[in-house]
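Visitor: The structure follows.
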Amino acid sequence: MVPWIAVVGAGFVFWNRGLSPLDLLLCVGLYAVTMLGITLGYHRLFTHRSFKCGDTLRAALCIAGSMAAQGPVFFWTACHRRHHRHSDEPGDPHSPHHHGAGVSGVLQGWWHSHIGWMFSHAPENYVRLVPDLIREPQLRLLNRYYWVWVIGGILLPGVIALAITWSWAACASAVLWGGLVRVFLVHHSTWSINSICHLFGESPYETEDQSRNNLVCALLTFGEGWHNNHHAFPTSARHGLEWWQCDVVYGIIRGLSWVRLTWDIRIPSSEQRTARIKAPKALVPVPAEPTPSQRGVESNSMPSTLQQGKAILLAARTPTSSQR
Ligand SMILES: [Zn+2]
Ligand SMILES: [Zn+2]
């Protein structure tokens, strides 16, 4: 509730005093840092182990992810692994589906997947879903002090502003924009992957769920919005599999590999991708021509020839999923 109240307060502040360049810089900068903590750290490194890196970078990504205030790393990882295990089926903690038909069903599903699941999902012993992470003493320590990172992340912009301006008013304003409003923005961008990316967008790959690729979500989350690609290849460090699918997170993973800070980066081969592309739609059946007796005219060979011709034309017009 705190970020919600802060956003309302920020609206009043913005109306009366506007937004200083320093506040904007701190808000955008910490949005980027904590978003990368979630996407690069919590998601692609800790949940899916799609690349490897050293202990220092692991700790930095864990702290940056914790500063996003979405839960300790063990909890977040366990929830997300459970999502992949039961995606859009009973057991998925935040599927937007199976909440009724029509517009109200879609709205109820969206609300559940976006926020509601955090208050209503069935309790589970999450520890058993992350045995690999629990074995790491460093991660156990960082996980235990989760609230230190959250509060530190909210206060950090205030400390930076105070050091630059020596003004307590600037310090308070920076805490509001770079701390609380930033948490609100990162929350809703990442939660949109759970909600929007299982409702709206394209799904070029064959998966057993309703995951979608969504450009807007991909831009807001630095590449996480290519969610159908991700469900097709969960351990891939690269989510934007096409050249035009912007994936800043993968670019950073690849860039870090050039200075040997990341290695063993996993991406699917072109053969694996081709095998998962949705098959072209089946030949559209053409209604049978009426029999001569039904039409009351003499039979000839044209009906079957016409039927074959129509079927070929329809097949040629039916787009494949990759063409759409
Ligand atoms: Zn998903
Ligand atoms: Zn995932």
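Visitor: Taking neighbour counts of Cβ atoms within 10 Å as a proxy for exposure, in what order, fewest first, do Thr235, Thr77 appear?
Guide: Fewest-to-most Cβ neighbours within 10 Å comes out as Thr235, Thr77.
Visitor: Which of Val103, Tyr126, Ile115 sits farthest toward the positive end of the charge dipole of region 2-276, with +1 on the Cβ of Lys and Arg and -1 on the Cβ of Asp and Glu?
Guide: Ranked along the dipole, the leading option is Tyr126.
Visitor: To continue, here is another question. Post the alpha-carbon centroid distance, region 113-182 to region 17-39, in whole angstrom.
Guide: When both Cα centres are located, 14 Å separates them.
Visitor: I'd like the Karplus ³J(HN,Hα) series for region 233-245: coefficients 6.51, -1.76, 1.60, θ = phi - 60°, whole numbers in Hz, and an x wherever there's a Gly or Pro.
Guide: Along region 233-245, the couplings run 9, x, 8, 6, 6, 9, 9, x, 7, 8, 4, 8, 8 Hz.
Visitor: Taking the beta-carbon count within 10 Å as an exposure proxy, list Ser167, Ser269, Ser50 from fewest neighbours to most.
Guide: Listed from fewest to most nearby Cβ atoms, that is Ser269, Ser167, Ser50.
Visitor: Continuing with the same structure: When the chain is modelled as a GNM with alpha-carbon springs shorter than 10 Å, which of Val181, Val148, Val249 fluctuates the most?
Guide: Val148
Visitor: What relative contact order, as a whole-number percentage, does the chain give when Cα pairs under 8 Å and 6 or more residues apart are counted?
Guide: After rounding, I find 19 percent.
Visitor: Using +1 on the beta carbon of Lys and Arg, -1 on that of Asp and Glu, and nothing else charged, what's the dipole of region 2-276 about the Cα centre, debye to 20?
Guide: It works out to roughly 680 debye.
Visitor: Given H placed on each backbone N at 1.01 Å, which residues far from Thr262 in sequence or on other chains put an amide H within less than 5 Å of it?
Guide: Here the answer is Ser257, since their amide H atoms fall under 5 Å of that of Thr262.
Visitor: List the residues whose amide H sits under 5 Å from the amide H of Trp226, counting only those 5 or more places along or on another chain, with H placed 1.01 Å from N in the peptide plane.
Guide: Asn214
Visitor: Given a 10 angstrom Cα cut-off, can you work out which residue in His99, His43, His80 is the most mobile in a GNM of the chain?
Guide: Largest GNM mean-square fluctuation: His99.
Visitor: Which ³J(HN,Hα) values, rounded to whole Hz and listed in residue order, are derived for region 164-177 from phi using the Karplus coefficients 6.51, -1.76 and 1.60 in 6.51 cos²θ - 1.76 cosθ + 1.60 with θ = phi - 60°, glycine and proline given as x?
Guide: 7, 9, 6, 10, 5, 5, 5, 4, 5, 5, 5, 4, 5, 7
Visitor: Report the residue, chosen from Ala60, Ala163, Ala78, that carries the largest GNM mean-square fluctuation when the chain is represented by alpha-carbon nodes joined by springs under 10 Å.
Guide: Ala163
Visitor: Okay, next question. Could you list Trp4, Trp76, Trp226, Trp244 so that the one with the fewest beta carbons within 10 Å of its beta carbon is first and the one with the most is last?
Guide: In increasing order of surrounding Cβ atoms, one gets Trp244, Trp4, Trp76, Trp226.
Visitor: On to the next question. Please compute the Kirkwood hydrodynamic radius of the chain from all pairs of different C-alpha atoms, in Å with one decimal.
Guide: 22.4 Å
Visitor: Would you mind counting up the charge near Trp226? Only other residues with Cβ under 14 Å from its Cβ, with Lys and Arg at +1 and Asp and Glu at -1.
Guide: Once positives and negatives cancel, what remains is +1.
Computed from the coordinates by the stated procedures, all read-outs in this text should not be read as laboratory data. From a predicted model like this one, the values you see are computed outputs, not experimental measurements. Cβ sites come from the backbone with ideal geometry, for glycine too, and all protein chains shown count toward neighbours.
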